[in-house]
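A.B. asks: Got a structure for you, written out below as structure tokens; questions coming shortly.
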Protein chains: 2
Amino acid sequence: MPLSEFEIIHQIFQQQKVERSDVVIGIGDDAAVIDVPAGFELAVSTDTLIANVHFPEDMKPKDIGYRALAVNLSDLAAMGAEPAWMTLALTLPEANNVWLKAFSSGLFRLAEQYDVQLIGGDTTRGALSITLQLHGFLPKGRRLTRSGAQVGDGIYVTGTLGDAAAGLKCWMRNEQSSVWLKQRLARPTPRVETGIALRDLATSAIDISDGLLADLGHILDASHVGARLNLANLPLSLAICETVELEQARELALTGGDDYELCFTVPEDKEDEVIRLGDLCQITMIGRVEAEPGLRCMLGAVEYTLSDQGYQHFS
Amino acid sequence: MPLSEFEIIHQIFQQQKVERSDVVIGIGDDAAVIDVPAGFELAVSTDTLIANVHFPEDMKPKDIGYRALAVNLSDLAAMGAEPAWMTLALTLPEANNVWLKAFSSGLFRLAEQYDVQLIGGDTTRGALSITLQLHGFLPKGRRLTRSGAQVGDGIYVTGTLGDAAAGLKCWMRNEQSSVWLKQRLARPTPRVETGIALRDLATSAIDISDGLLADLGHILDASHVGARLNLANLPLSLAICETVELEQARELALTGGDDYELCFTVPEDKEDEVIRLGDLCQITMIGRVEAEPGLRCMLGAVEYTLSDQGYQHFS
């Protein structure tokens with residue numbers, strides 16, 4: 001019985017090196033069977049990436065594979081969960097072996113870094129679309145959510161903001177200059193270790209996929225509070241400052257999506273402990289939670305108003 | 001802040017009536033959080049349905065929603081698992097509220113029947129595609145797999161075979177006559193209760209999604225055995241016999257996909273116990289496992305050879 005092209009795909013995805021002892025049945029039966037350790041709950045995230053919507057069509061397949069897992073890892077990081085297993089629903093116009101090997105190598109490279117095993121999925125024919133679902137562990141009752149921010153909490157972000165949006169602009173203009181910015185778009189860094197370290201520290205957390213203002217807005221809505229941001233403190237990379245004007249860099253930092261950094265809140269009396277997390281990645285305090293609803297962006301004593309272009313993302 | 005069309009989708013999917021106590025965090029945070037009961041493992045299945053590949057484009061959205069869950073329930077049934085939670089990755093060309101309400105009503109109707117809660121997912125814009133992932137419980141160590149069939153075991157199937165493939169033929173020819181056959185395609189019956197009852201009885205099980213010969217072939221391969229089928233015993237519905245010639249009905253039963261019945265093997269000394277499962281659904285013995293590799297289809301004493309059309313599915 002010769003192999004169909006979709007059986008060949010299957011074989012590619014069975015070549016992963018990660019073999020976890022808590023996977024009872026992996027790829028190859030009607031369903032996977034997994035064993036959650038005692039004392040843990042399971043966090044489950046799902047993200048679909050569509051060509052030309054969630055990534056440029058000419059992005060390297062290796063990067064598409066990496067990115068598909070990175071955005072899901074980022075969701076788990078925002079819950080404080082430790083990644084464990086993934087399933088992949090892959091829809092392809094045709095089974096192109098070169099594409100598939102590159103895609104799986106990018107996916108598996110990041111998966112190995114976090115000991116994530118591919119346990120199953122589905123391969124179908126159609127317009128290119130990647131749905132990845134990720135499972136991770138949370139010690140019972142120690143999850144991070146969007147709804148716990150308290151008045152007086154400091155507001156923090158990891159890394160630098162706006163790079164992915166600036167990278168996308170460069171991509172669209174076909175500019176060769178800013179490899180680093182494009183890399184921030186193609187291979188976002190999920191803040192898994194930071195998320196785990198925040199379990200006992202943060203009152204709320206979210207990952208920045210739609211832009212800081214939109215995602216911080218979800219925390220404020222869920223927590224029934226408002227906030228004041230100090231825009232002078234927004235962490236901007238050297239690369240973004242060399243590529244666009246300061247004002248545009250700030251607007252990309254506020255409204256550009258795809259950063260996959262974490263935004264979180266910490267009570268004032270625990271702020272010293274946040275500084276220690278700086279060993280894991282850059283962490284910057286950008287504002288404070290207030291009782292008054294709404295989000296006020298301050299530049300010194302002046303309230304800052306975004307340009308029309310900025311507003312369309314969040315108003 | 002006005003709602004985007006994809007926030008409206010979100011609201012439609014938050015209207016489900018099922019509220020399980022083991023869902024710690026449902027729709028609305030970065031990830032769902034769920035609690036697997038002590039003593040149980042988790043079975044996970046994923047299926048993608050693409051318009052015009054996995055269902056006719058003009059299938060009613062209510063049926064598409066129903067069918068998306070039914071095919072996943074069928075995978076869990078084949079493992080002997082009890083369904084619990086689902087996530088939905090839905091890609092749509094546009095957010096059409098009439099379509100969405102009908103789709104979700106079909107999905108939720110079947111979900112309520114099995115107490116399955118929608119805990120999260122992703123909605124994106126693109127060609128219509130539905131990826132549903134289902135989680136279910138298995139008492140530790142009591143899963144059904146494809147690999148345990150033993151020489152001498154009886155081979156059984158639930159329900160009747162070939163109806164969905166016959167229904168698809170009617171659909172393509174736009175025949176009004178066979179509503180029942182088309183219903184078998186649109187709303188397959190997942191054999192969840194039978195799968196659970198088989199946990200301590202069957203040595204192997206699979207659901208018939210690609211046709212009996214292909215799927216039984218997976219059991220034989222995984223179990224390193226062969227089999228002999230008695231084609232006179234193939235369970236055929238009255239409707240299929242009224243619609244096509246007997247020989248074609250047999251070929252559809254052997255090679256037509258989309259039946260979502262179970263095929264399973266049971267040791268000879270437990271065959272009396274299988275009869276009792278007839279209270280749950282029709283169950284028919286169709287053959288026996290043999291040591292000699294390969295699959296022999298017998299009609300009386302004569303080995304039956306499929307037509308060219310039949311062979312293309314499995315040779």
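A.B. asks: Using amide H atoms built in the peptide plane, which far-off residues or other-chain residues are under 5 Å from residue B:122 H to H?
C.D. replies: Long-range HN contacts for residue B:122: B:88, B:89, B:90.
A.B. asks: Quick one: which residues, 5 or more positions from residue B:287 or on another chain, have an amide H under 5 Å from its amide H? H modelled 1.01 Å from N in the peptide plane, none for Pro or chain starts.
C.D. replies: Here the answer is B:155, B:230, since their amide H atoms fall under 5 Å of that of residue B:287.
A.B. asks: Please report, as a whole percent, how much of the solvent-accessible surface of the protein assembly as shown comes from carbon and sulfur atoms (probe radius 1.4 Å). Each step should come with its number before you reach the end.
C.D. replies: Values: 12350 of 25550 Å².
Result for the protein assembly as shown: 48 percent of the exposed heavy-atom area is carbon or sulfur.
A.B. asks: With a cut-off of 8 Å between alpha carbons and a minimum separation of six or more residues, what is the relative contact order of the range A:5-139 in percent? Present the calculation step by step, with values, prior to reporting the outcome.
C.D. replies: Values: 254 pairs, mean separation 53.5, N = 135.
That works out to 40 percent.
A.B. asks: Given all pairs of different Cα atoms, what value in angstroms does the Kirkwood hydrodynamic radius of the range A:81-137 take? Don't skip to the answer; put the middle values down first.
C.D. replies: On the way: mean 1/r = 0.0834 Å⁻¹.
After inverting the pairwise mean of 1/r, the radius is 12.0 Å.
A.B. asks: Let me ask something else. List the pair-distance distribution P(r) of the range A:212-315, using every Cα-Cα distance, as the percent of pairs falling in each 10 Å bin from 0 up to the bin containing the longest distance, rounded to whole percents.
C.D. replies: Values per bin, smallest distances first: 13, 45, 35, 7.
A.B. asks: What residue among B:63, B:221, B:30 shows peak mean-square fluctuation when chain B is described by a Gaussian network model with Cα springs under 10 Å?
C.D. replies: Largest GNM mean-square fluctuation: B:30.
A.B. asks: Report for the range B:5-139 the percent antiparallel among DSSP-assigned beta bridges with both residues inside it, nearest 5.
C.D. replies: That works out to approximately 70 percent antiparallel.
A.B. asks: Sticking with this one: Measure nothing but the geometry: give the 0 to 90° angle between the long axis through the Cα atoms of A:97-113 and the longest principal axis through the Cα atoms of chain A, rounded to 10°.
C.D. replies: With both axes taken from Cα atoms, the answer is about 60 degrees.
A.B. asks: So what does residue B:223 come to for accessible area, using a 1.4 Å probe and Å² rounded to 10?
C.D. replies: Accessible area, nearest 10 Å²: 20 Å².
A.B. asks: Compute the semi-axes of the equivalent ellipsoid of the range A:159-217, taking the square root of 5 times each eigenvalue of the Cα gyration tensor, and list them largest first in whole Å.
C.D. replies: Details: eigenvalues 152, 35, 9 Å².
Value: 28, 13, 7 Å, ordered largest first.
A.B. asks: Now a separate question. Helix B:61-79 versus the longest principal axis of chain B: what is the Cα-based angle in degrees, 0 to 90, to the nearest 10?
C.D. replies: It works out to around 50 degrees.
A.B. asks: Here's something else I'd like to know. Identify which of A:136, A:126, A:256 has the largest mean-square fluctuation in a Gaussian network model of chain A, with springs joining Cα atoms closer than 10 Å.
C.D. replies: A:126
A.B. asks: Can you tally the lysine pairs in chain B where the Cα-Cα distance is under 20 Å and the two residues are eight or more apart, or on different chains?
C.D. replies: Values: B:17/B:62; B:17/B:101; B:60/B:101; B:60/B:169; B:60/B:182; B:62/B:101; B:62/B:182; B:169/B:182.
Lysine pairs, 8 or more places apart or on different chains, close enough: 8.
A.B. asks: For chain A, which longest stretch is free of loop sites, where a loop site is one of the GluC sites (Glu not before Pro) that DSSP puts outside H, G, I, E and B and that has at most 12 other Cβ atoms within 10 Å?
C.D. replies: On the way: sites that count: A:19, A:57, A:94, A:245.
Result, exposed sites excluded: A:95-244.
A.B. asks: Taking H as built 1.01 Å from N, whose amide H comes closer than 5 Å to the amide H of residue A:261, not counting residues under 5 places away?
C.D. replies: Long-range HN contacts for residue A:261: A:208.
A.B. asks: Give, rounded to the nearest 20 debye, the magnitude of the charge dipole that the protein assembly as shown has about its Cα centre when Lys and Arg contribute +1 at Cβ and Asp and Glu contribute -1 at Cβ.
C.D. replies: On the way: 50 positive and 88 negative charges, 59 e Å.
Rounded to the nearest 20 debye, it is 280 debye.
A.B. asks: Just for the range B:154-303, what percent of DSSP beta bridges are antiparallel, to the closest 5?
C.D. replies: Numbers: 19 of 24 bridges.
The antiparallel proportion sits near 80 percent.
A.B. asks: Another question, then. Using θ = phi - 60° and the Karplus curve 6.51 cos²θ - 1.76 cosθ + 1.60, what whole-Hz ³J(HN,Hα) does each residue of the range B:184-200 get, with Gly and Pro shown as x?
C.D. replies: So the J values, rounded to whole Hz, are 5, 6, 6, 10, x, 9, x, 8, 4, 5, 5, x, 5, 5, 7, 3, 9.
A.B. asks: OK, next. Using Cα springs under 10 Å in a Gaussian network model of chain B, which residue among B:227, B:95, B:78 shows the largest mean-square fluctuation?
C.D. replies: The residue with the greatest mean-square fluctuation here is B:95.
A.B. asks: For chain A, give me the percentage of DSSP beta bridges that are antiparallel, rounded to the nearest 5 percent. Walk me through the numbers before you get to the answer.
C.D. replies: Details: 41 of 55 bridges.
That works out to approximately 75 percent antiparallel.
A.B. asks: If packing is taken as the mean number of other Cβ atoms within 10 Å per residue, what is the order of A:85-93, A:137-145, highest first? Before the final figure, lay out the partial values.
C.D. replies: On the way: A:85-93: 23.0, A:137-145: 18.4.
Highest mean packing first, the order is A:85-93, A:137-145.
A.B. asks: Just read off the accessible area of residue A:173 with the full protein assembly in place, 1.4 Å probe, to the nearest 10 Å².
C.D. replies: Near enough 140 Å² of accessible area.
A.B. asks: Along the range A:145-150, what does the Karplus equation 6.51 cos²θ - 1.76 cosθ + 1.60 (θ = phi - 60°) give for ³J(HN,Hα), rounded to whole Hz, x for Gly and Pro?
C.D. replies: Once θ is set to phi - 60°, the couplings for the range A:145-150 become 10, 8, 9, x, 4, 10 Hz.
A.B. asks: May I ask you to work out the translational diffusion coefficient for chain A at 20 °C, viscosity 1.002 mPa s, via Stokes-Einstein with Rh from the Kirkwood sum over Cα pairs, reported in whole µm²/s? Present the calculation step by step, with values, prior to reporting the outcome.
C.D. replies: On the way: Rh = 20.5 Å.
Value of D from the Cα-based Kirkwood radius: 105 µm²/s.
A.B. asks: What is the Rg over Rh value, at two decimals, for the protein assembly as shown, using alpha-carbon atoms and the Kirkwood definition of Rh?
C.D. replies: Numbers: Rg = 26.4 Å, Rh = 26.0 Å.
Result for the protein assembly as shown is an Rg/Rh of 1.02.
A.B. asks: Still on this model: Excluding residue B:278 itself, what net charge comes from residues whose Cβ is under 15 Å from its Cβ, given Lys and Arg +1 and Asp and Glu -1? Write out the running numbers ahead of the final one.
C.D. replies: Working: positive: B:191, B:270, B:276; negative: B:193, B:261, B:271, B:272, B:273, B:279.
Combined, the nearby Lys, Arg, Asp and Glu give -3.
A.B. asks: Just the number, please: Stokes-Einstein D of the range B:5-139 in µm²/s, Kirkwood Rh from C-alpha pairs, 4 °C, 1.567 mPa s. Write out the running numbers ahead of the final one.
C.D. replies: Details: Rh = 15.0 Å.
After rounding, the answer is 86 µm²/s.
A.B. asks: Can you pull the mean other chain C-beta count within 10 Å for peptide B:124-134?
C.D. replies: Values: counts 8, 4, 11, 6, 2, 9, 1, 13, 2, 9, 1.
Counting Cβ atoms of other protein chains within 10 Å of each residue's Cβ and averaging gives 6.
The values are calculated or read from the model by the stated rules, or taken from the named source; none is laboratory data. What you see is a predicted model, and the numbers here were worked out from it, not measured in a lab. Reconstructed Cβ throughout: ideal geometry from the backbone, glycine too, with neighbour counts over all protein chains shown. Side chains included, ligands, DNA and RNA excluded: accessible areas come from the protein's heavy atoms. Shrake-Rupley method; radii C 1.70, N 1.55, O 1.52, S 1.80 Å.
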